[in-house]
Amino acid sequence: MSEQNHIVILAAGDFPRAEAPLRALREADLRICCDSAAEALVDFGLEPDRIVGDLDSLSPALLERYADRILRISEQDDNDLTKAFHLALTLAPASITILGATGKREDHTLGNVSLLLDYAREASCPVTMLTDFGRFEAIFDTTTLPSMPGQQISIFAFDNTLKITSAGLKYPTDAVCFDTLWKATLNEALSDAFTLTLSHPCGVLLFFANHL
């Protein structure tokens with residue numbers, strides 16, 4: 001096991017196309033695939049280290065080929081991404097990066113992104129979700145985050161009693177009521193860092209768009 005065990009989980013949404021998620025996929029110390037995502041990974045030219053799920057959509061050929069690295073979990077209380085995440089936690093991760101969690105069905109996308117808050121609470125290492133268009137991260141209290149001038153940043157919270165005071169963003173968030181998802185989207189960083197001051201501890205999702 002690598003001392004720096006950087007784990008990538010590949011979900012069965014859209015396979016990555018942008019360089020950042022593909023680089024994460026190539027450089028991972030260990031790759032965990034959610035069920036049929038293993039097919040896409042093999043087609044890309046890489047091999048899964050673990051395959052997790054109920055395996056109802058994995059081809060018989062790959063079921064046989066990777067029999068020694070398959071973890072079949074049939075229960076339906078958790079989706080395959082959560083099953084893969086819980087496996088990753090048992091493997092001494094230095095970081096966990098989630099790919100392929102968006103695209104295809106929109107309900108799956110929304111569910112997977114919202115799960116990032118649960119994962120970040122549970123993990124003792126950084127957990128990031130990369131897409132072709134940027135990355136999602138979670139915070140739970142007042143935080144200063146690195147950025148770059150002009151980078152677009154969206155803030156999502158699920159608590160209409162929460163107040164977030166921002167410094168270093170183009171549009172102040174002080175008066176925002178977080179009662180719907182769009183309220184603090186499409187903001188913009190003014191410098192190489194910004195600070196979000198939360199009125200009380202709360203799960204907040206941040207999306208950092210790829211900076212062009």
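The values are calculated or read from the model by the stated rules, or taken from the named source; none is laboratory data. Here the structure is a predicted model, which is why all the values come from computation and not from measurement. Neighbour counts are summed over all protein chains in view; Cβ atoms, including those assigned to glycine, are modelled from backbone coordinates with ideal geometry.
Annotations
- Boolean, P126 is surrounded by 14 or more Cβ atoms within 10 Å (Cβ to Cβ) and not aliphatic (A, V, I, L, M): yes
- Residue list for the range 63-111, filter: buried (at least 19 other Cβ atoms within 10 Å of the Cβ), in contact (Cβ under 8 Å) with a residue 40 or more places away in the chain and among the hydrophobic types (A, V, I, L, M, F, W, C): L81, A84, F85, A88, I96, I98, L99, A101
- Selection status of L198, outside the structural domain of A20 (by TED's automatic domain parsing) and surrounded by 14 or more Cβ atoms within 10 Å (Cβ to Cβ): yes
- Filter pass, L55 being more than 26 Å from A209 (Cα to Cα), over 17 Å from the mean Cα position of the chain (by Cα) and without any contact (Cβ under 8 Å) to a residue 60 or more places away in the chain: yes
- Taking the range 151-175 as the range and being among the hydrophobic types (A, V, I, L, M, F, W, C), buried (at least 19 other Cβ atoms within 10 Å of the Cβ) and without any contact (Cβ under 8 Å) to a residue 24 or more places away in the chain as the test, no residue passes.
- Odd one out for V42, checked against (1) crowded, with 19+ Cβ neighbours inside 10 Å; (2) among the β-branched types (V, I, T); (3) more than 12 Å from G100 (Cα to Cα): (1)
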